[in-house]
């Protein structure tokens with residue numbers, strides 16, 4: 001499979017996982033709630049394609065895409081969301097509390113930055129050459145512990161790439177009502193070299209993330225990547241207060257799947273789609289057939 | 001590693017930290033103002049940054065951040081120890097303790113552990129006033145996944161002394177996060193050696209799985225059967241011991257004192273056995289009265305013993321700010337005289 005097709009496969013696996021999840025939520029097989037990363041798939045794939053085996057990934061409440069791009073098993077994730085023993089964390093953690101190998105996610109925004117900083121400190125001491133990648137959002141910037149940690153990340157020169165996915169909305173609150181001043185300057189104020197990109201195109205995110213990850217790895221110091229992106233779905237199951245017109249505009253302009261599909265021949269695209277469809281449907285069916293859960 | 005015999009609780013805790021860092025290079029201490037020659041605001045960390053420079057990290061004033069960072073370190077195999085300079089500042093770390101450190105093991109289905117020991121001095125009687133004198137551990141009792149420990153000033157069998165041994169073992173062998181509650185006045189207390197306690201019979205119930213969290217029972221030797229059980233921990237246990245002594249010699253009221261070193265999870269079997277004999281229980285704590293340690297201890301004792309618990313009482317701090325003025329501060333916190341008065345009322 002060529003590079004572009006491979007990237008499309010990664011994006012589509014996340015997209016189909018989450019669209020199937022949302023469609024099946026109505027049937028009552030998933031307890032509680034969930035947060036999808038519709039529209040932000042290119043960040044997960046663009047950044048995590050560069051992972052080395054021992055690297056650590058820390059994510060947040062919107063973590064399915066990161067988990068799948070990390071290499072997490074979609075069947076185990078479906079089972080986790082169904083609350084089954086065969087899930088990633090035995091059905092205890094659910095949508096936002098995942099841990100598998102070196103992947104961790106948690107549901108309180110600012111605390112994930114502290115977790116990631118502590119892990120980067122552990123890696124720095126261990127000297128194995130591994131780094132930590134931490135995904136945060138524009139909403140995360142509202143919590144004070146973030147600034148305590150940015151300070152220590154810089155003071156102690158921790159090997160961490162902070163990826164801020166700026167989807168410009170926190171649940172229903174637009175960034176214009178929540179974030180004052182400059183996001184880039186927040187990192188700069190602590191002496192953390194930061195790169196900004198406004199894109200939903202995996203081919204733009206990929207090389208930039210690769211450069212930054214190489215810098216963190218070789219120079220053993222932190223970097224930040226701010227990707228302005230678009231959340232195309234609701235915050236959780238159905239709580240979007242944006243207008244249909246606004247959403248339509250975002251889907252037209254900012255869908256990473258559409259952007260990447262345009263680079264493939266029709267045959268290749270269809271082959272990838274059939275492959276992903278079979279994989280995700282198979283994972284869903286196997287998770288559903290497993291013991292436990294809501295019914 | 002040292003021939004030094006600890007004389008005080010402070011000595012013992014300091015030796016315990018030295019021992020833990022010596023035994024395991026993955027033990028890392030984080031906190032404010034830790035470096036020598038200062039060695040921490042209460043000197044518990046004195047000498048550590050000189051002896052183990054790679055294992056002591058002095059930090060900015062970022063209690064939440066360093067506690068969260070310690071959680072991340074522990075998830076990746078280190079054994080961090082966090083010093084929170086004043087117990088009052090544990091409010092700043094509550095989210096990190098409750099929603100992060102104490103959650104990891106359960107929410108990741110047993111696939112991760114976060115053995116962080118958070119040490120902090122609670123307590124008043126130093127004139128530090130409303131925000132530097134409180135006893136706040138009650139807010140951390142009953143947090144699933146969190147162990148709360150408090151040392152008692154005995155020398156014990158271990159060369160580190162009992163407080164240092166408890167701390168050292170919690171650091172090296174604990175498999176869950178622990179809040180290790182010290183007390184500002186307890187630091188200066190002498191460790192009771194067995195010969196100094198010759199008047200007392202001290203029995204030790206060994207609790208805990210990975211390491212021993214002793215539950216002590218003290219009474220005067222050759223005294224008649226105890227009429228009342230006192231329960232206290234940390235610095236208040238010393239005040240209760242003083243009260244026990246005076247009550248015996250001045251009032252001929254005989255008490256037994258039960259001192260847990262593990263406050264949470266609540267494991268109170270030795271206390272239930274003692275109260276089953278006396279039928280009376282007075283709990284003594286320096287935290288404020290409502291919904292405190294004593295409330296839970298009494299509730300559990302009543303549930304377990306039923307009518308076997310005939311008389312129950314709680315002694316705790318007055319509910320208000322702790323004043324700086326020495327006379328006002330003394331009135332707000334329970335002292336030996338208050339314990340004696342309550343015991344006389346109850347017997």
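Brief remarks follow.
- Spans of strands (runs of 3 or more DSSP E) in the stretch B:166-241 with at least 1 residues surrounded by fewer than 21 Cβ atoms within 10 Å (Cβ to Cβ): B:200-205, B:215-220
- The stretch B:108-124: number of residues that are under 22 Å from the mean Cα position of the chain (by Cα) and at the interface with another protein chain (Cβ under 8 Å from one of its Cβ atoms): 0
- Across the stretch A:92-101, a minimum of one residue is classified as over 30 Å from residue A:256 (Cα atoms) and in contact with a helix residue (DSSP H, G or I) (Cβ under 7 Å, 6 or more places away or on another chain).
- Any hit, the stretch B:295-309, residues being surrounded by fewer than 14 Cβ atoms within 10 Å (Cβ to Cβ) and within 21 Å of residue B:243 (Cβ to Cβ): no
- Those helices (runs of 4 or more DSSP H) lying entirely in the stretch B:15-107 with at least 1 residues at the interface with chain A (Cβ under 8 Å from one of its Cβ atoms) and at negative phi: B:63-75, B:102-107
- Matching residues, the stretch B:116-141, being in contact with a strand residue (DSSP E or B) (Cβ under 6 Å, 6 or more places away or on another chain) and assigned to a loop (DSSP other than H, G, I, E, B): B:116, B:123, B:135, B:141
- Unique residue being under 17 Å from residue B:273 (Cβ atoms) and modelled with pLDDT of 95 or more when the list is B:218, B:247: B:218
- Across the stretch A:151-181, the number of residues qualifying as under 26 Å from residue A:45 (Cβ atoms) and either assigned to a helix (DSSP H, G or I) or touching a strand residue (DSSP E or B) at 6+ places or on another chain (Cβ under 6 Å) (or both) comes to 9.
- Among residues of the stretch A:109-132 being free of Cβ contacts under 8 Å to residues at least 24 places away in the same chain and crowded, with 20+ Cβ neighbours inside 10 Å, the one that is nearest to residue A:34 (Cα to Cα) is A:118.
- The condition (being free of Cβ contacts under 8 Å to residues at least 12 places away in the same chain and surrounded by fewer than 23 Cβ atoms within 10 Å (Cβ to Cβ)) is satisfied by just one residue among B:53, B:60: B:53.
- Within the stretch A:122-150, the residues that satisfy the criterion of being more than 13 Å from chain B (Cβ to nearest Cβ), over 16 Å from the mean Cα position of the chain (by Cα) and part of a helix (DSSP H, G or I) are A:141, A:142.
- Being away from chain B (no Cβ under 12 Å), touching a strand residue (DSSP E or B) at 6+ places or on another chain (Cβ under 6 Å) and crowded, with 24+ Cβ neighbours inside 10 Å holds for only one residue in A:105, A:59, and it is A:59.
- The criterion of at least 3 residues that are without any contact (Cβ under 8 Å) to a residue 40 or more places away in the chain is met, among helices (runs of 4 or more DSSP H) falling completely within the stretch A:244-294, by A:244-254, A:266-289.
The values are calculated or read from the model by the stated rules, or taken from the named source; none is laboratory data. For clarity, every value in this text was computed on a predicted model and none was experimentally measured. As a convention, Cβ positions derive from the backbone with ideal geometry for all residues, glycine included, and neighbour counts pool all protein chains shown.
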